[in-house]
Amino acid sequence: MLGVPTAVALENGLALTPPMGWMTWQRYRCNMDCDSDPSTCINEQLIKEMADRMAEDGWLEAGYRYVSIDDCWMTKERDAQGRQVADPKRFPSGMAALGDYIHGKGLKFATYGDIGAKTCQGFTGFQGHFEQDAQTFAEWKVDYLKVDGCFESPKDMARDYPAFGAALNQTGRPIVYSCSWPAYMPSHCEKSDHCMDSLVEHCNLWRNFDDVQDSWDSVKSIANFWRRRNASDEMVRAAGPGHWNDPDMLLVGDFGLSPSQEQTQFALWAIWAAPLFMSNNLRDIKQSSKEILLNREIIAVNQDLLGHQGFCVGGCDGDLRIWAKPLVGGETAAVLQNLQEGGDGENITLTMAMLPWKSRRIFKARDLFAQQDLGLFREELTLYVHVNSCRMVRLSDVIEMMV
Ligand code: GLA
């Protein structure tokens, strides 16, 4: 639609919209002390409880289907046959049984490994065992695998990530392949179409940049990395059905963000067509956080079938920023973001001339957080946006002027 050429893509038919789910890492890290912290350590009980909540509390219905066990599920040694094994104390039933439990709830089973000699926390990595490990994950009926890049030289990744992806494909089981390859490259693949094309060719999604931490500073720094300015940007053009940029997990429902900052993170991740992985405590989550994460109209922007990554179209160097994303049927989603940290707020004006894909004169706007129609507008839309906050809108129904 934007006339940007696309690269050859990994055609495994998966992740045609950005994957959505829940992941252990940000909230539960590598807590292995189940004696002292029985409800927050990485064990099969935690995973089962989250799967229960996802299936029963409306998350699955809204689209959150992957339950992902990040680092620290495995042992530091392989078994006598050289296979990866789950820590027998914390995962006494084993990974295959846990996968069955997750599948029994209608959810998808996601987990983690590392392309190098060890995972980032020092557990067994895939190095020297690509075929065997891919086979093990297929036997466990894993649906999604995040493959990290610790304990591997970035220069070997261009060889090893495609090789492991090929091993996954050879198992015959469809497994979403999430690569952390560019996050470990000093360039992050920036300014290189060639580098991004190889991610599109070999991976369903990939992490380019730093790990998210539970703070607004972390979200701001990630948002600055993703402050792309046009559709031909090498990272924007790389995103599309089956292949996505991953700015890392959502913090909504955790401790570091205010309610309006939680809204802002969700709005930005939605407009970037980012994977939506929560990492929170679904057994005990604030109603306001739940409402943000379950906002169907914002999820629809993220999951829009056109699969375009939104980018910054106005005020990109300042504190009053406008982000926009083209949607199926000629509609547009926009986020008007006020990054100021003092005072009450400012008016932010989105003009149709800022949108590179269509110029409309009269259009309808709907406020996606308030879930209210705002009315008809001509040429521009001005909204008052509080500091540290955003407004998110969907623009539709262009009315042609009869002259
Ligand atoms: C890296 C990844 C994180 C997480 C940890 C686990 O830092 O980027 O997302 O998976 O490793 O050790």
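The values are calculated or read from the model by the stated rules, or taken from the named source; none is laboratory data. All values derive from a computational prediction rather than experimental measurement. Counting neighbours? That spans all protein chains shown, and the Cβs are built from the backbone with ideal geometry, glycine included.
Answer with yes or no whether Glu297 is among the acidic types (Asp, Glu) and under 25 Å from Val236 (Cα atoms). Taking the combined requirement at face value, the residue satisfies it. Could you please give the count of residues in the range 177-222 that are under 13 Å from Ala239 (Cα atoms), among the acidic types (Asp, Glu) and in a loop (DSSP other than H, G, I, E, B)? Number of matching residues: 0.
Criterion applied to Ala158, Ala167 was being surrounded by 15 or more Cβ atoms within 10 Å (Cβ to Cβ) and assigned to a helix (DSSP H, G or I), and the one residue passing it is Ala167.
Residue under question is Gly63, and the condition is that it be at pLDDT 95 or above, within 25 Å of Met249 (Cα to Cα), surrounded by fewer than 20 Cβ atoms within 10 Å (Cβ to Cβ) and within 16 Å of the ligand (Cβ to nearest atom); does it hold?
no
Looking across the range 108-122 at every residue that is buried (at least 24 other Cβ atoms within 10 Å of the Cβ) and either within 20 Å of the chain's Cα centre (by Cα) or within 8 Å of the ligand (Cβ to nearest atom) (or both), the one that is farthest from Thr136 (Cα to Cα) is identified as Thr119.
Given Asp397, Asp373, which one is assigned to a strand (DSSP E or B) and over 24 Å from Trp269 (Cα atoms)?
Asp397
Residues that are within 16 Å of the ligand (Cβ to nearest atom) and either of a type outside the set (A, V, I, L, M) or modelled with pLDDT under 95 (or both) within the range 69-89 comprise Asp70, Asp71, Cys72, Trp73, Thr75, Lys76, Gln84, Asp87, listed in sequence order.
Exactly one residue out of Arg321, Arg378, Arg360 is of a type in the set (Lys, Arg), over 26 Å from Trp216 (Cβ atoms) and surrounded by 17 or more Cβ atoms within 10 Å (Cβ to Cβ): that is Arg360.
Residues of the range 165-183 being in contact with a Phe, Trp or Tyr (Cβ under 7 Å, 6 or more places away or on another chain), away from the ligand (no atom under 16 Å from the Cβ) and in contact (Cβ under 8 Å) with a residue 40 or more places away in the chain, which ones? Passing the criteria: Gly165, Ile175. Among the residues of the range 79-104, those that are assigned to a loop (DSSP other than H, G, I, E, B), in contact with a strand residue (DSSP E or B) (Cβ under 7 Å, 6 or more places away or on another chain) and either of a type outside the set (Asp, Glu) or surrounded by fewer than 13 Cβ atoms within 10 Å (Cβ to Cβ) (or both) comprise Gln84, Val85, Gly94. Could you look through the range 123-156, keep only residues that are farther than 18 Å from Met23 by Cβ and of a type in the set (Phe, Trp, Tyr), and pick out the one that is nearest to the ligand (Cβ to nearest atom)? The extreme case among them is Phe151.
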